[in-house]
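Below is one structure; the comments refer to it alone.
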Amino acid sequence: MSLETASPSAQHRRHGSNAGQPLTRRDGVLKVTGRATYAADNHPEGMLYAVTAVSRIARGRVTSLNVAAAKAHPGVVEVLTPANRPPLAHDPDVKMPPFGFRVEVLQDDTVRYVNQPIALVIAETLEAATEGAALLNPQYDIDIARTGLESGERFGLAAVGVGAPPRTAHGDIEAGLAAATRVTEADYVTPQQFHNAMEPHAVVAEWDGDRVTLDMPNQALALSCASYAAYFGIPAENVLIRSPFLGGGFGSKAILNGPQILAILAARMLKRPVKLALTRTQMYGPVGHRGHTWQKLRIGTDNEGRLTALHHQALCATSSFDEFIEPAANASLPLYASPAILAEHEGLRLDIGTPGPMRAPGEASGSAALEVAMDEAAIACGMDPLEFRLANYAETEPGTGRPFSSKALRECYAEGAKRFGWSGRPLEPRRMRDENGFLVGWGMGTAVFHCPHFPAEARATLRADGTALVETAGADMGQGAWTALAQIAAEALGLDPDQVELHSGISSLPDGGIAGGSGHTASAGLALHNAGEDAIARLAEIATADPASPLFGAGNIGVAARSGRLHRHDDEGRSESYAEILARAGRAEVVGTAKAARDPAIAEAHAMFSHGAVFAEVKVDPDLGQVRVSRLVGAFAAGRIINPRLVRSQYFGGMIWGMSFALQEEAIADRRTGRIMNADLAEYHVPVNADVPSLDAILIPEDDPYVNPLGVKGVGEVGITGTVGAIANAVWHATGVRVRRFPIRIEDLLVDRT
Ligand code: MOS
């Protein structure tokens, strides 16, 4: 399968043309017919299979490996251990900027977490490699694993998230609390969660001298090329990453990990292509996860229900050897007006793999706690939760006073509440029942997510037949990036999306930036938009300088691109098609290029966020404590909507993830061994269709003239935030039981009410 086949198909034609149209995914047919090639589907000639042997202990040392037994197994070609692992050009214990993590690549015999690679077995077949790994029969010196709050070591953090300060204070928190007529204070716990993308991390590595081709799912192509180049001591341009399709990424495929580096190293050592695909269980360790948090919120309010203080503390787990944590407390910074806000983080070292970015890192865990705390504060004030949030609406960014680049959160509250039917909600819990006698509860939460913008580049080629090829090295993780990006390019080129072929997902193309932070459409989209405009300007130069053209003398700003033709502004009747212009000039094509980044002065002057409001209805069996989310309504404002079908689907994905966070997801560690006891999709629960009976996502119009010239904000992660709290608050409203530890379990609700 080549990338070319991701051209528009007949399905798209029925929908119309421009940005704003709900086109179906370009890659949809390829995916549902099984013709989309994922990394592990590649089988170059002479390929070997690599399997990692992983530690079964969380902390200690490997004292022996039966390498002889593994090597004696038929088909086994080589066994890599710390004893024979070839050198790397970069020290894996030194972090590479800007988003580097320390990785475990057999640098020594230390074990720092369960499922850490302790050897790599390479064989002619997957079966032989798997059996070889089993025959290694590792022996250990075992230290006691630190797996929880009591056993971990607390430490001060230098930074949280991507370089944010660990402590941010606006105003005097103690003065704010002292001024309050009421203070609500509570502790909240969020669990470890794992990405569990449908497609496990995989790589097929093939060397040619000092050049390497890597088929791998990857959210950050240029950055990864540079990092792999550093590990292998070769120039970045010698690394080619092909990542046409990803079966989900969620942040875990933006960062290098040990197993993939080892497979690439093995391919170089053995001079043959090597494939490695992690098993589901092996993903619980070396490829990141959402870290455990213990949070405390103190909310001070006055007699009118206005905040006087908002204090959010987060103790966040990380590994024993790296620093990434969920920057959970920062969720309290951008949302509610309060004269005093304090967000602070502390780290907790455990014997686990290092956490990493996972779908709304920080915002998801932090807003879960914040939105429940806000509900508790509203109830303490005797106020409706929506009324309470409106009373604390921030017109400008709390603390800094900067204007928002745009903010349509009021409209989200109003439209969401209307569609849900929020008015008339009883303040007291346990007041509503359905026809089957189930307790019914309604809850809400505010959604917020920041709008990062990654520098990106693109190329747009107008071809002799009047169609275009546009190129940027982005990644479509399943969100529909290819489709939306082609719509943006088509608009700039004055073409129908069907006439625009998009190449993406390969690192040799212009750098498309990072597919992360819900910023890919804006980042790569702006580069494509600018490249399209550049191509049109070059075409206009040719036409307006040609005495034989009806556009002669118009000057290139005197023409507009529409429906594959350039039109004179001063006389719309005078126009010429792209194909005619190129033919007369004897040109096969005209190429436009562009780089795009956010204007730092505009970014500095504004606070940039996507917003939303989520309303949840739950039904709880009063005898069994079983919770069902019967309805979820979200209303979101995220600037200009390029493709409403795909955007709604992103919001649905976020809201379902929120449901998962509230009621299902949790990785449970065995206290004795540190092993995750539910490291598979049978026992690690995520929602299935039957868990999601009714979802509604309302797209609130919003015009943002500052966030970027396209006016596009992120839609991927905002849907998780707000939803977790909305569901937990609905559970309280149904049952009167306040649960502050996620996920909410049946046993939390089985309280004696006699
Ligand atoms: Mo994401 S956690 O921005 O891929």
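The values are calculated or read from the model by the stated rules, or taken from the named source; none is laboratory data. A quick note: this is a predicted structure, and the numbers were derived from the prediction, not measured. In this analysis, Cβ positions are derived from the backbone assuming ideal geometry, glycine residues included, and neighbour counts consider all displayed protein chains.
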Result of the Cβ filter at 7 Å on the range 343-363, keeping first residues that are acidic (Asp, Glu) and partners that are part of a loop (DSSP other than H, G, I, E, B) and within 16 Å of the ligand (Cβ to nearest atom), at least 6 apart or interchain, is GLU363/GLU717; GLU363/THR721
For the range 512-617, which fully contained helices (runs of 4 or more DSSP H) count at least 1 residues that are surrounded by 24 or more Cβ atoms within 10 Å (Cβ to Cβ)? 520-544, 578-584
Hey, does the range 697-716 have a residue that's touching a Phe, Trp or Tyr at 6+ places or on another chain (Cβ under 7 Å), in contact (Cβ under 8 Å) with a residue 24 or more places away in the chain, within 16 Å of the ligand (Cβ to nearest atom) and farther than 16 Å from VAL372 by Cα? yes
Go over the candidates SER523, SER508 one by one and state the one that is modelled with pLDDT of 95 or more, closer than 21 Å to GLY249 by Cβ, touching a Gly at 6+ places or on another chain (Cβ under 8 Å) and among the polar types (S, T, N, Q). SER523
Give the number of residues within the range 199-228 that are assigned to a helix (DSSP H, G or I) and over 16 Å from ALA263 (Cβ atoms). 5
Could you identify the single residue in LEU485, LEU469 that is surrounded by fewer than 24 Cβ atoms within 10 Å (Cβ to Cβ), outside any loop (DSSP other than H, G, I, E, B) and either away from the ligand (no atom under 16 Å from the Cβ) or touching a residue at least 12 places away in the same chain (Cβ under 8 Å) (or both)? LEU469
Quick check on this structure: which one of GLY532, GLY517 is touching a Pro at 6+ places or on another chain (Cβ under 7 Å) and of a type outside the set (Phe, Trp, Tyr)? GLY517
Identify, by number, the condition in (1) within 27 Å of VAL121 (Cα to Cα); (2) away from the ligand (no atom under 16 Å from the Cβ); (3) surrounded by fewer than 24 Cβ atoms within 10 Å (Cβ to Cβ) that TYR284 doesn't meet. (3)
Among the residues of the range 229-245, which ones are closer than 16 Å to THR472 by Cα and either within 16 Å of the ligand (Cβ to nearest atom) or part of a loop (DSSP other than H, G, I, E, B) (or both)? SER243, PRO244, PHE245
Is there any pair linking a residue in the range 599-616 that is farther than 29 Å from SER630 by Cβ to one that is of a type in the set (Ser, Thr, Tyr), with Cβ under 6 Å and at least six apart or on different chains, and which? ILE602/TYR706; HIS606/SER405; HIS606/TYR706; MET608/SER405
Filter the range 172-198 down to the residues that are β-branched (Val, Ile, Thr) and in a strand (DSSP E or B), then identify the one that is nearest to ILE241 (Cα to Cα). THR190
Taking LEU439 as meeting all but one of (1) surrounded by fewer than 20 Cβ atoms within 10 Å (Cβ to Cβ); (2) over 20 Å from GLU717 (Cα atoms), write down the number of the exception. (1)
For ALA380, are the conditions met, namely being touching a residue at least 12 places away in the same chain (Cβ under 8 Å) and crowded, with 23+ Cβ neighbours inside 10 Å? no
Could you figure out which of (1) in a helix (DSSP H, G or I); (2) more than 16 Å from the ligand (Cβ to nearest atom); (3) under 27 Å from the mean Cα position of the chain (by Cα) isn't true of LEU386? (3)
Identify the residue in the range 136-171 that is assigned to a strand (DSSP E or B) and acidic (Asp, Glu) and, among all such residues, is surrounded by the fewest Cβ atoms within 10 Å (Cβ to Cβ). GLU153
Give the residues of the range 1-42 that are in contact with a Gly (Cβ under 8 Å, 6 or more places away or on another chain) and at pLDDT 95 or above, sorted by residue number. TYR38
Can you say whether ALA70 is touching a strand residue (DSSP E or B) at 6+ places or on another chain (Cβ under 7 Å), part of a helix (DSSP H, G or I) and within 20 Å of ALA202 (Cα to Cα), as far as the supplied structure shows? no
When (1) of a type in the set (A, V, I, L, M); (2) outside any loop (DSSP other than H, G, I, E, B); (3) under 22 Å from the mean Cα position of the chain (by Cα) are applied to MET358, the one that fails is (2)
Within the bounds of the range 581-594, is there any residue that is of a type in the set (Asp, Glu) and free of Cβ contacts under 8 Å to residues at least 24 places away in the same chain? no
In this structure, is THR721 within 16 Å of the ligand (Cβ to nearest atom), assigned to a loop (DSSP other than H, G, I, E, B) and among the hydroxyl-bearing types (Ser, Thr, Tyr)? yes
Just to be sure before I move on: is SER252 among the polar types (S, T, N, Q), within 16 Å of the ligand (Cβ to nearest atom), in a loop (DSSP other than H, G, I, E, B) and crowded, with 19+ Cβ neighbours inside 10 Å in the structure I sent? yes
